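Single-structure report; data block below.
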Amino acid sequence: MNINELKNTWEQQDRAIEESVEINQQELSDVDTSQHKNKFRRLIAFRLFEAIIFTIIILSLWRYIGSNIEHNLIFTAPTISALILNIFAIIGLIGSIGQIVLIFQLDYSAPIKKLQTQILTIVSHELQFTKLVLMSAPFYLAYVFLGFDLLFGFDFYSQLSKNIITIYIVTSALLFLVMLWFNIKLSCKNVSTPWVKKSIEFLVGKHLVEMSGVVNNLEQHG
């Protein structure tokens, strides 16, 4: 075998290796895309279930509010409580529907950076609406007043002394400040902070945070 024949043989082998690598990379990409699609299908199913639950809660609370106003002709503590909780339930419903829309808009054929940007949008959207729903915590009295009326049929607020009401108001105000600080800190910009990262992964989902690439991007630019 002369030098030219040996050179041609090497070139053919190189082309075969390159074609094999390209095929393997494509197969790997197809596997990754399939895994991502399966994860997002499960997420869509969960968000649909979540939206249904929020819808049932909203309709039930509106029915309760309408019935109470019709019988009492005034806004009682349980009625106001139901109205407050209904607002947060509506926020949750809007967030769930928004998530479904954003997931359907994902372009799996797009470059990885663009896809990560789209996933990061989903993460940020979910985080914002989750933080809004978490702001219902300072209104824990709403759960108490509504719960007593639904379970025992009486207005618990009317049984409280002024001192107890003052204590509840102070604790609610303190809880509001704590939740406000928590929500300000709970941002993708602060994901390098361990407790923030853990909280976001718990609230939004670890796989979403990983696919968004937000941690790697911050580490590279940090």
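Going by what's in this entry, would SER158 be described as of a type in the set (S, T, N, Q), touching a residue at least 12 places away in the same chain (Cβ under 8 Å) and open to solvent by 70 Å² or more (accessible area, probe 1.4 Å)?
Yes; evaluated as a whole, the condition is true for this residue.
Check whether at least one residue in the stretch 96-109 is surrounded by fewer than 17 Cβ atoms within 10 Å (Cβ to Cβ), under 30 Å from LEU132 (Cα atoms), modelled with pLDDT of 75 or more and of a type in the set (Phe, Trp, Tyr), and report yes or no. Yes, the stretch 96-109 contains a residue that is surrounded by fewer than 17 Cβ atoms within 10 Å (Cβ to Cβ), under 30 Å from LEU132 (Cα atoms), modelled with pLDDT of 75 or more and of a type in the set (Phe, Trp, Tyr). Within the stretch 99-121, residues that are closer than 18 Å to HIS207 by Cβ have Cβ atoms under 6 Å from residues that are modelled with pLDDT under 80 in these pairs: TYR108/THR33; GLN116/SER212; GLN116/GLY213; ILE119/MET211; ILE119/SER212; LEU120/SER212; LEU120/VAL214, counting only partners at least 6 apart in sequence or on another chain.
Within the stretch 180-198, residues that are open to solvent by 70 Å² or more (accessible area, probe 1.4 Å) have Cβ atoms under 6 Å from residues that are part of a helix (DSSP H, G or I) in these pairs: SER192/LEU218, counting only partners at least 6 apart in sequence or on another chain.
Contact annotation: no residue pair with Cβ atoms under 9 Å, 6 or more positions apart or on different chains, pairs a residue in the stretch 84-98 that is at positive phi with a partner that is open to solvent by less than 50 Å² (accessible area, probe 1.4 Å) and at pLDDT below 95. Checking each residue in the stretch 60-91 for being open to solvent by less than 70 Å² (accessible area, probe 1.4 Å) and closer than 30 Å to VAL209 by Cα picks out LEU85, ASN86, PHE88, ALA89, ILE90, ILE91. Condition check: in contact (Cβ under 8 Å) with a residue 24 or more places away in the chain, open to solvent by 30 Å² or more (accessible area, probe 1.4 Å), over 25 Å from LEU186 (Cα atoms) and within 24 Å of the chain's Cα centre (by Cα). Does ILE57 satisfy that? Yes; evaluated as a whole, the condition is true for this residue.
The values are calculated or read from the model by the stated rules, or taken from the named source; none is laboratory data. The shown structure was predicted, so the numbers you read here are calculated from the model rather than taken from an experiment. In this analysis, Cβ positions are derived from the backbone assuming ideal geometry, glycine residues included, and neighbour counts consider all displayed protein chains. The area values use the complete protein model at the heavy-atom level, side chains included, leaving out ligands, DNA and RNA. Shrake-Rupley method; radii C 1.70, N 1.55, O 1.52, S 1.80 Å.
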